[in-house]
Amino acid sequence: MARRMLSIPKVVLLFQTNEHTHRDILSGVLQYERIYGPWSLRILEGRQGERTVRSLDSWHASAVIGVIQNSLYADVVAALKVPMLLIDPADPAALPAALKRCCSFFSDAVAIGEVAADYFLARGFTRFAYVGAPLEINWSRNRGVAFSKRVAQAGFACRTYEAACAMSDDYEALRRWIKSLPTPTAVFAAWDVRGRQILDICLTEGIQVPSEMAVLAVDNETLICETTIPTLSSIHLDSKRMGYEAAKFIDELMRNKRKQRRPVVRYFKPLSVVTRASTEGVNSQDPIVRCAL
């Protein structure tokens, strides 16, 4: 017998669908719900005109899955007192006390940094640089630390660009920093948007990619990676599976199949590196060979 409509779980999904990774995670959640639902869903994407997060209190939600974007989201969600699963919380230490006890799924920042370092090391690079997100976001910082440590283990140093302001305001400072790097240098960008910015600087400054500067980013958002000049190599994350497993996890909490005595933290390793023109080629220390290439 089909379940009565009143018994259908009401699940809140908090994602910014302008970000490729969030869309993939949301896709995984919806795939699970289509198979094992139905759920009544309220998807808040931060779009103009949609209902605000403040309206959730009157909706009597059964559970929450998603990304906490700001303190307003954090306070409203914490007050719901329903099963919750946070996805890549930007700064867990700054969350309200109620959310610090929530379970969390993360893209494995350490594994991402190590994959990037191993990729460049295998191609014979000896100079390395990392360009992170501004304002010390934890996932960006952790990716850069892991990248630098792996490079150091191989006997090399890594230069790190530290933005002192929002990314929209630091283009000139980044341009000067990129121009100061010796060539050839392998540059790891925290995510594809940053990678595109670096390639744009190389294009306007006449820096040859990849012979003088090879660039690798994260997320593998084809809209960005396939339209840069040259095309951008990127690390493909396991985001859809994370979303599917997140939905499965919260479903078990709602059905009381999982006894949650302590917060569960789970990490998802990246799937692969998708090589494109920004890293494709032979690395050489000889400037004449680089020019020919």
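The values are calculated or read from the model by the stated rules, or taken from the named source; none is laboratory data. Everything quoted here is computed from the prediction, not taken from an experiment. Positions of Cβ are generated from backbone atoms using ideal geometry, with glycine treated the same way; all protein chains shown enter the neighbour counts. The protein model used for the area step is the full one, side chains on, heavy atoms only, and it has no ligands, DNA or RNA in it. Shrake-Rupley method; radii C 1.70, N 1.55, O 1.52, S 1.80 Å.
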* To do: For segment 100-114, indicate whether the set of residues that are in contact with an Asp or Glu (Cβ under 9 Å, 6 or more places away or on another chain), under 19 Å from R141 (Cβ atoms) and either of a type in the set (S, T, Y) or surrounded by fewer than 18 Cβ atoms within 10 Å (Cβ to Cβ) (or both) is non-empty.
  => yes
* **From D219, D200, D251, residue being under 22 Å from D118 (Cα atoms) and charged (D, E, K, R)** => D219
* Asked: Condition test on Y267, is it assigned to a strand (DSSP E or B), hydroxyl-bearing (S, T, Y) and at pLDDT 95 or above?
  -> yes
* **Of all residues in segment 3-15 being open to solvent by 90 Å² or more (accessible area, probe 1.4 Å) and aliphatic (A, V, I, L, M), the one that is modelled with the highest pLDDT** => L6
* To do: Select from segment 71-91 the residues that are open to solvent by less than 70 Å² (accessible area, probe 1.4 Å) and assigned to a helix (DSSP H, G or I) and list them in ascending order.
  => L72, Y73, A74, V76, V77, A78
* To do: Spot the failing condition for Y161; the list is (1) within 22 Å of the chain's Cα centre (by Cα); (2) open to solvent by 50 Å² or more (accessible area, probe 1.4 Å); (3) closer than 24 Å to T204 by Cα; (4) not small (G, A, S), and only one is missed.
  => (2)
* Answer yes if at least one residue in segment 193-201 is within 24 Å of A109 (Cα to Cα) and in contact with a His (Cβ under 8 Å, 6 or more places away or on another chain), and no otherwise. => no
* Structure fact -> Scanning segment 92-108 residue by residue, the ones that are modelled with pLDDT of 90 or more and assigned to a loop (DSSP other than H, G, I, E, B) total 1
* Keeping to segment 179-195, report how many residues are outside any loop (DSSP other than H, G, I, E, B) and open to solvent by less than 10 Å² (accessible area, probe 1.4 Å). => 8
* **Scan of segment 196-220 for residues that are farther than 23 Å from D88 by Cα, among the β-branched types (V, I, T), touching a residue at least 40 places away in the same chain (Cβ under 8 Å) and open to solvent by less than 10 Å² (accessible area, probe 1.4 Å), ordered by number** => I198, V215
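Given the residues I207, I198, which is the only one that is assigned to a helix (DSSP H, G or I), at pLDDT 95 or above and of a type in the set (A, V, I, L, M, F, W, C)? Steps first, answer last, please.
Working: I207 fails: assigned to a helix (DSSP H, G or I).
Being assigned to a helix (DSSP H, G or I), at pLDDT 95 or above and of a type in the set (A, V, I, L, M, F, W, C) holds for just one of I207, I198, which is I198.
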* With the checklist (1) under 30 Å from W39 (Cα atoms); (2) more than 17 Å from the chain's Cα centre (by Cα) in hand, flag the one item E221 doesn't pass. => (2)
* Does segment 20-42 contain any residue that is acidic (D, E), modelled with pLDDT of 85 or more, open to solvent by less than 40 Å² (accessible area, probe 1.4 Å) and part of a loop (DSSP other than H, G, I, E, B)? -> no
* Structure fact -> Within segment 226-267, residues open to solvent by 20 Å² or more (accessible area, probe 1.4 Å), within 16 Å of the chain's Cα centre (by Cα) and not charged (D, E, K, R) come out as H236, Y267
* To do: Taking only segment 115-155 into account, find how many residues are at negative phi, open to solvent by less than 70 Å² (accessible area, probe 1.4 Å) and in a loop (DSSP other than H, G, I, E, B).
  => 6
* Structure fact -> L223 meets each of (1) outside any helix (DSSP H, G or I); (2) within 23 Å of A277 (Cβ to Cβ); (3) hydrophobic (A, V, I, L, M, F, W, C); (4) open to solvent by 40 Å² or more (accessible area, probe 1.4 Å) with one exception, condition (1)
